[in-house]
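These notes are about the structure you will find just below.
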Amino acid sequence: QKEVEQNSGPLSVPEGAIASLNCTYSDRGSQSFFWYRQYSGKSPELIMFIYSNGDKEDGRFTAQLNKASQYVSLLIRDSQPSDSATYLCAVTLPLSGTYKYIFGTGTRLKVLA
Amino acid sequence: DTAVSQTPKYLVTQMGNDKSIKCEQNLGHDTMYWYKQDSKKFLKIMFSYNNKELIINETVPNRFSPKSPDKAHLNLHINSLELGDSAVYFCATTERRNSPLHFGNGTRLTVT
């Protein structure tokens, strides 16, 4: 079982719709949770981070964390063609006094104009 | 000013050669990482340094040797390059443990 799993997609949504991206993780010791967006040929850029159960909103983005079910999701409201990218989920695991950042394989999102 | 900068951006070389990638950060962060991203976009951690000390060393062939001359720099030297080493290598930093990673622009390595 992979440590962090995401559906590779592509997930296609029409412009203006809500895009829902999901991520599950296997280790209950996971501490922090991040969503990154990566455009083709570019480096990952941070969208959201969440540390505790519940929802966290920032503009059109909402991150949701459910530690009991071991999943974290990202909702993108009013999706725009410019949101088309690969979305990477990452979690941290404590390791020998530090933290290891583990990524999923990413979900490719296509927003159709 | 670029916060995390990597050089070179592109590197094309032949099998068997030795090459280095450099990373510099001006964020004042203590922890730096090397990640490898394969063609399927999977980002795999390779190494982590905290204040010049190696703290994470994943199962990486010993042809890969990181080096941190000071807190702001983390280099990656690769000996005897193989076709499978072709990937994008990202340097990243964190302000403190458990906080978000800040990525450099990546180095696309192509081994022919």
Check: Roughly how many nanometres apart are two label points built 7 Å out from the Cα toward the Cβ at A:Ala68 and B:Ser39?
Finding: 4.4 nm
Check: Averaged over A:99-109, how many beta carbons belonging to a partner chain fall within 10 Å of each residue's beta carbon?
Finding: 5
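Loop only per DSSP, at most 16 neighbouring Cβ atoms within 10 Å: give me the trypsin sites (Lys or Arg not before Pro) in region A:65-113, ordered by residue number. Write down the numbers at each step before the final one.
On the way: sites: A:Lys67, A:Arg77, A:Lys100, A:Arg108, A:Lys110; in loops: A:Lys67, A:Arg77.
Sparse-neighbourhood loop trypsin sites (Lys or Arg not before Pro): A:Lys67, A:Arg77.
With +1 on each Lys and Arg Cβ and -1 on each Asp and Glu Cβ, how big is the dipole of chain B about its Cα centre, in debye rounded to the nearest 20?
Roughly 180 debye for chain B.
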Check: Antiparallel DSSP bridges in the protein assembly as shown: what percent, to the nearest 5?
Finding: 90 percent
Notebook entry, point to check: Once A and B are treated as a pair rather than alone, how much accessible area drops out, both sides summed, in Å² to 100, probe 1.4 Å?
Noted result: 1900 Å²
Notebook entry, point to check: So how strong a dipole does region A:20-96 carry about its Cα centre when Lys and Arg Cβ are +1 and Asp and Glu Cβ are -1, to the nearest 20 debye?
Noted result: 120 debye
Next item on the list: Tell me the trypsin sites (Lys or Arg not before Pro) within region A:1-41 that lie in a loop according to DSSP and have at most 14 other beta-carbon atoms within 10 Å.
Entry: A:Lys2, A:Arg28
Next item on the list: Filter the GluC sites (Glu not before Pro) in region B:42-100 down to the DSSP loop ones having no more than 16 other Cβ atoms within 10 Å, then list what survives.
Entry: B:Glu58, B:Glu82, B:Glu95
Checklist line | Burial of 20 Å² or greater, region B:70-100 residues [accessible area, probe 1.4 Å, versus chain by itself] | finding: B:Phe90, B:Arg97, B:Asn98, B:Pro100
Item checked: For chain A, built as a Gaussian network whose Cα springs stay under 10 Å, the top-fluctuating residue of A:Leu11, A:Leu65, A:Leu74 -> A:Leu11
Note to self: Per residue, how much accessible surface does the protein assembly as shown expose to a 1.4 Å probe? Answer in Å², no decimals.
What the structure shows: 48 Å²
Next item on the list: Can you send over the carbon and sulfur percentage of the accessible area for chain B, probe radius 1.4 Å, protein chains only?
Entry: 45 percent
Note to self: Please compute the contact order of chain A in relative form: average sequence separation of alpha-carbon pairs under 8 Å and at least six residues apart, divided by the residue count, as a percent.
What the structure shows: 37 percent
Notebook entry, point to check: To the nearest Å, what is the center-to-center distance of region A:84-113 and region B:1-79, using C-alpha atoms only?
Noted result: 19 Å
Checklist line | Unit charges on C-beta of K, R, D, E only; dipole of the protein assembly as shown, Debye | finding: 260 debye
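The values are calculated or read from the model by the stated rules, or taken from the named source; none is laboratory data. Keep in mind the model is a prediction, meaning the values are calculated, not measured. Neighbour counts are summed over all protein chains in view; Cβ atoms, including those assigned to glycine, are modelled from backbone coordinates with ideal geometry. The accessibility values were calculated without ligands, DNA or RNA, using every heavy atom of the protein model including side chains. Shrake-Rupley method; radii C 1.70, N 1.55, O 1.52, S 1.80 Å.
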